[in-house]
Structure formats: C-alpha cells, structure tokens
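Participant: This is the structure I want to talk about, given as structure tokens.
The values are calculated or read from the model by the stated rules, or taken from the named source; none is laboratory data. All values derive from a computational prediction rather than experimental measurement. All Cβ positions, even for glycine, are placed from backbone atoms using ideal geometry, and neighbour counts span all protein chains on display.
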Amino acid sequence: MRYQITGKQIDIGEALQTHVKDELGTTVQKYAGRPTDANVIFSKSGHEFVCEAIVHLSTGLTAQAKAHATEIYAAFDGCNEKMDKQLRRYKRRLKDHHRDREVPVELLGGSSYILASGTNDGESEPETLQPMIIAEMEAQIPALTVGEAVMQMELAGADFLVFRNEVKGGLNVVHRREDGNIGWIDPN
C-alpha cells in the first residue's frame with residue numbers, strides 16, 4: 001500500500017509516519033485484502049490537531065475518517081478507530097461486492113468547477129448570466145451498481161455521489177435526503 005502522509009503548516013516527524021503506516025496498515029489489512037493507497041493529512045485547528053485519512057481500496061471504494069484531539073497521536077488514533085469501525089461495519093458488504101466484481105471499478109474522467117456565489121454586493125442586475133469560475137479540478141466518476149454507489153457514499157461520509165450506472169450505462173446520482181433516506185436519480 002502506498003502512503004502519502006502530509007501536514008498542513010505542521011511538521012510530521014519520522015516517528016509519527018512510522019506509527020501511521022503500522023497502525024493504519026494493520027487496520028486496513030484486517031478488513032480489506034488489497035488496499036491501493038492511503039492519504040493521511042494532519043492539520044491544526046485552534047488548539048486541536050485534526051487527522052483525516054482517505055483509503056482507496058482495490059474494489060474502487062473509498063473509506064474516509066476524520067478525528068480531532070489535543071495531541072497529534074491521539075488525533076490519529078481516533079481517526080484510525082473510526083476507520084476500523086467503518087470498515088468492520090461494511091466488512092460483509094465489501095466482501096460480497098468484491099466477490100461479485102471480477103474487475104476493478106472503471107473510473108471516468110470529468111471536470112469539476114467551483115463557481116462564484118453570485119452575490120452582487122448591492123448591484124440590482126448582474127453584468128452577465130454566465131457564472132464566474134473560481135477553480136477547475138479533475139473529478140473521477142466510478143462505474144458502479146446502485147448498491148455499490150450507496151455503500152461508497154456511506155463509506156466516504158458524503159451527501160451525494162455521481163456515478164455511471166453499470167446496468168443502464170447512464171449517469172446517476174444517489175443522495176442523502178433530509179428525512180434520512182437515500183434518494184436515487186436515474187435520468188431517462
């Protein structure tokens with residue numbers, strides 16, 4: 001497994017990197033046989049350290065966890081516990097989907113844009129109806145079944161997921177509704 005361990009405006013020592021590799025590797029190996037890479041990001045928010053871990057699995061799924069603590073090792077340990085709980089919770093589903101899936105998830109490239117908010121600071125009419133693009137990034141759109149998409153959305157802790165439906169071939173969206181249920185948008 002490849003590790004990318006970084007700190008946002010803080011130095012990450014060798015001892016912490018070794019600790020992260022050992023502990024996270026043990027946790028992920030317990031539940032997912034072939035993880036591909038892990039990104040661990042440490043930052044500071046006020047008096048607390050924040051640790052965010054993102055693990056990409058060979059099945060195409062992504063698990064994500066985040067924790068806060070007053071010490072950097074405690075922040076990582078909390079994040080690792082959340083990752084462990086999340087992977088343990090989905091262990092059966094991960095194994096079932098991995099057994100059914102003979103090939104890795106196909107990823108399609110796409111563009112993702114951040115648009116200006118549209119507030120005009122007192123102006124009555126905007127100058128143009130075209131939104132101003134603030135940033136452009138590349139997005140990966142996985143080819144999944146609806147069940148895999150729901151599981152991926154829950155593993156990532158996201159509110160929605162855009163995916164290519166493997167059964168019908170079109171772009172679909174699953175999203176978390178305000179009532180707690182999952183919505184699925186399948187255009188004709």
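Participant: Pick from the stretch 1-53 the residues that are at pLDDT 90 or above and among the charged types (D, E, K, R): which of them is nearest to residue 156 (Cα to Cα)?
Facilitator: Among those residues, the one meeting the criterion is 52.
Participant: Another question, if that's okay. Test each condition in (1) under 26 Å from residue 65 (Cβ atoms); (2) modelled with pLDDT under 75; (3) not aromatic (Phe, Trp, Tyr) for residue 103 and report the one that comes out false.
Facilitator: Unmet for residue 103, out of (1) under 26 Å from residue 65 (Cβ atoms); (2) modelled with pLDDT under 75; (3) not aromatic (Phe, Trp, Tyr): (1).
Participant: Residues of the stretch 50-79 being part of a loop (DSSP other than H, G, I, E, B), surrounded by fewer than 20 Cβ atoms within 10 Å (Cβ to Cβ) and β-branched (Val, Ile, Thr), which ones?
Facilitator: Correct list: 70 only.
Participant: Right, here's the next one. Let me spell it out: the conditions are (1) surrounded by 15 or more Cβ atoms within 10 Å (Cβ to Cβ); (2) more than 13 Å from residue 73 (Cα to Cα); (3) of a type outside the set (Gly, Ala, Ser), and residue 20 meets all of them except one. Which number is the exception?
Facilitator: Here residue 20 clears every test but (2).
Participant: Can you tell me which residue is surrounded by the fewest Cβ atoms within 10 Å (Cβ to Cβ) among those in the stretch 154-188 that are modelled with pLDDT under 85 and closer than 30 Å to residue 84 by Cβ?
Facilitator: By that ranking, first place goes to 180.
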